[in-house]
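The values are calculated or read from the model by the stated rules, or taken from the named source; none is laboratory data. Quantities reported herein were computed from a predicted structural model and do not represent experimental measurements. Note that each Cβ is placed from the backbone with ideal geometry, even for glycine, and that neighbours are counted across all protein chains shown. Just the protein is used for accessible areas: all its heavy atoms, side chains included, with ligands, DNA and RNA removed. Shrake-Rupley method; radii C 1.70, N 1.55, O 1.52, S 1.80 Å.
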Amino acid sequence: AQKVTQAQTEISVVEKEDVTLDCVYETRDTTYYLFWYKQPPSGELVFLIRRNSFDEQNEISGRYSWNFQKSTSSFNFTITASQVVDSAVYFCALSESYQLTFGKGTKLSVIP
Amino acid sequence: DTGVSQNPRHKITKRGQNVTFRCDPISEHNRLYWYRQTLGQGPEFLTYFQNEAQLEKSRLLSDRFSAERPKGSFSTLEIQRTEQGDSAMYLCASSLGPQYFGPGTRLTVL
């Protein structure tokens, strides 16, 4: 069975600090996808990134970066120079077929 | 570019009533998904369509729940004889690759 664990329930940082959101997953498959979604206070889930299990290359997109390590089954998300608009709940998710299995989310509060 | 839309956005109903939600996916997406999200939790998968065929159903989808996608475009999710435990946000997503989510329908069962 697949499982996603986001151990950090809530994190608060001061604006401009860097913050890393942790994600650990469990799967028996060798082929799978990992995702991050953002859910701002408005409620709509916003897609951020998808990585497949064969691509361990780290990725950077503006202030966002992702570190995928198969050896530790982790797919961590770092926000550099955080901003108030980054305040949201962030979900990590895993897909072996088509359905997504989500973690419980990490609520990030960026304080001005 | 039109995203996934869901109607209604909010629904309040009394226990025992039937409710129906609608999802309009992104037009070229052939896959459509329904999820349910309760407070403080991540979304949980309910069911999945490829075109008009319903290919997967979660054990969460009791026999009071039914979903259709009759022409492979929009989808409906019906809950019969609603219970207070059905109160949640019902999310629809569509995809060719990554899943893109709609704004959700918040159901409150009194």
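Annotation note: of A:Val19, A:Val24, A:Val13, A:Val46, the sole residue that is under 18 Å from A:Thr106 (Cα atoms), over 10 Å from the mean Cα position of the chain (by Cα) and open to solvent by 60 Å² or more (accessible area, probe 1.4 Å) is A:Val46. Selection of the range B:68-86 for residues being farther than 23 Å from B:Thr2 by Cα and without any contact (Cβ under 8 Å) to a residue 40 or more places away in the chain yields B:Gly85, B:Asp86. On the basis of being outside any loop (DSSP other than H, G, I, E, B), of a type in the set (A, V, I, L, M) and over 15 Å from A:Gln39 (Cβ atoms), does B:Leu61 make the cut? No, not satisfied.
Of all residues in the range B:42-68, those satisfying the criterion of being open to solvent by 60 Å² or more (accessible area, probe 1.4 Å) and under 30 Å from A:Thr9 (Cβ atoms) are B:Glu44, B:Arg59.
Taking every residue in the range A:24-40 that is under 25 Å from B:Met89 (Cα atoms) and pairing it with any residue that is open to solvent by less than 70 Å² (accessible area, probe 1.4 Å) and charged (D, E, K, R), at least 6 positions away or on another chain, the pairs with Cβ-Cβ distances below 7 Å are A:Tyr33/A:Arg51; A:Leu34/A:Arg51. Residues in the range B:69-110 that are among the charged types (D, E, K, R), outside any strand (DSSP E or B) and at pLDDT 95 or above were compared, and the one that is most open to solvent (accessible area, probe 1.4 Å) is B:Arg81.
Restricting attention to the range A:4-36, the residues being basic (Lys, Arg) and at pLDDT 95 or above number 1. For residues that are closer than 16 Å to B:Leu96 by Cβ and among the polar types (S, T, N, Q), scanning just the range B:9-31, find the one that is surrounded by the fewest Cβ atoms within 10 Å (Cβ to Cβ). The selected residue is B:Ser27. Take A:Gln99 and tell me if it is more than 13 Å from the chain's Cα centre (by Cα), part of a loop (DSSP other than H, G, I, E, B) and loosely packed, with under 13 Cβ neighbours inside 10 Å. It is false that A:Gln99 is more than 13 Å from the chain's Cα centre (by Cα), part of a loop (DSSP other than H, G, I, E, B) and loosely packed, with under 13 Cβ neighbours inside 10 Å.
Tally up the residues in the range B:51-68 that are within 14 Å of chain A (Cβ to nearest Cβ) and at pLDDT 95 or above, please.
1
Among the residues of the range B:1-50, those that are aliphatic (A, V, I, L, M), within 11 Å of another protein chain (Cβ to nearest Cβ) and under 13 Å from B:Ser73 (Cβ atoms) comprise B:Val4, B:Leu32.
Look at (1) over 17 Å from B:Glu68 (Cβ atoms); (2) open to solvent by less than 40 Å² (accessible area, probe 1.4 Å) and you find that B:Trp34 fails only one, number (1).
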